[in-house]
Structure formats: structure tokens, C-alpha cells
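The values are calculated or read from the model by the stated rules, or taken from the named source; none is laboratory data. Not measured: the values here are computed from a predicted model. Glycine gets a Cβ as well: all are built from the backbone with ideal geometry, and neighbour counts include every protein chain shown. Protein only, heavy atoms only, side chains kept; ligands, DNA and RNA dropped before computing areas. Shrake-Rupley method; radii C 1.70, N 1.55, O 1.52, S 1.80 Å.
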Amino acid sequence: MRRKIVNVLFYLSVILIIINVGLILCNVAGVAYPVVGVSMQPKLYTGYLAFTQPANISQLQVNKSIVVYYNPFYRELVIHHVVGRVDNGVIVQGFNKLTNPTPDMNFTSMKPLVVTQSMIRGMVVFYIPLLGFFILRPYNYLVLAFFIAMLALKMVSDRRPKEYSKIP
């Protein structure tokens, strides 16, 4: 009975590690991005995984499109929705008006940041709750630790003679 439980846990850990690696590869390929922070609540929460497709500035719709873009001031990717359009780009802002009362700012001119085509990594087409935790640290490390622990437990269980495994 213990061996069956160990085997089930081991195969569960294998499935989780495959999902983990697959999602990390999607992230590296620029197809999926984990949501971090509160700026997009109540639409998107930390741990959601946002899937994107390539987008042209002309495709983006004000108050409808959500984009992943590189913010040069934060030096990281940001997921926000389009709130305005200008000649050479779009203006973006988080949904949460408490944490984002104004559009994203250009801190050198203190005017709204103009997100240009070269800054956009993609337009969000759908998202899946909780799946983003597989990409975020330390959660993805927990999956790896669980896999290693189950692998070690399986190896110990497989080396144990069957007659000893019946002892309670």
C-alpha cells in the first residue's frame, strides 16, 4: 500500500515538473507571462498566467486591450490595459485606481508614458488563474523540491524488499 502511495506521489510530481518546464518555456518564448502585483485587480491577480499574441499598435483598443510591455523606468515587463491613444503609441494604466490613480508615467518628462510598438511584447488574449505560480519564484522551486523529494522516496521504496514493506 505504501509503495502505491509513493508511486502515485512520484508520478504526480513528474506531471507537475512537466507542467512547470512547459510553462517556463512558454514564458521564455514570449507566449505566457505571470501576473505579479495588485495593479490589475480586480481583473487579474498575482498568480494568473496571461497568454499573449503578437499585436500591432493599430490593433489595440482603448479600454479593451490588455498589453504586456517593457517599462524602461522599472526595467521590467508590465501588464496593463490601454487607456488612451497618441500619434506614435498608446497610454496604459492598471485597473486598480488605488495603486494606479494615473496612467503609467514617463519619469523624465513627468507626462504619461507613451508605449510604442517596440516596447510591446504582446496583447493578452486569455488568462488562467493560479497557473502563473508555476513560473514565479519561489513556487517553481517548490515544485522542483517536491519532485526531488518524491524521486528520493521512490528510490528508497523501490530498494526496500517487498517482505519488509508489509510491516506496519
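Brief remarks follow.
- Among (1) open to solvent by 60 Å² or more (accessible area, probe 1.4 Å); (2) assigned to a loop (DSSP other than H, G, I, E, B); (3) touching a residue at least 12 places away in the same chain (Cβ under 8 Å); (4) under 29 Å from Ile24 (Cα atoms), the one test that Leu136 misses: (1)
- Residues (more than 15 Å from Ile57 (Cβ to Cβ) and in contact with a strand residue (DSSP E or B) (Cβ under 9 Å, 6 or more places away or on another chain)) located in region 81-98: Gln93, Gly94, Phe95
- Selected residue [part of a helix (DSSP H, G or I), touching a helix residue (DSSP H, G or I) at 6+ places or on another chain (Cβ under 9 Å), open to solvent by 30 Å² or more (accessible area, probe 1.4 Å) and among the aliphatic types (A, V, I, L, M)] from Val14, Val6, Val36: Val14
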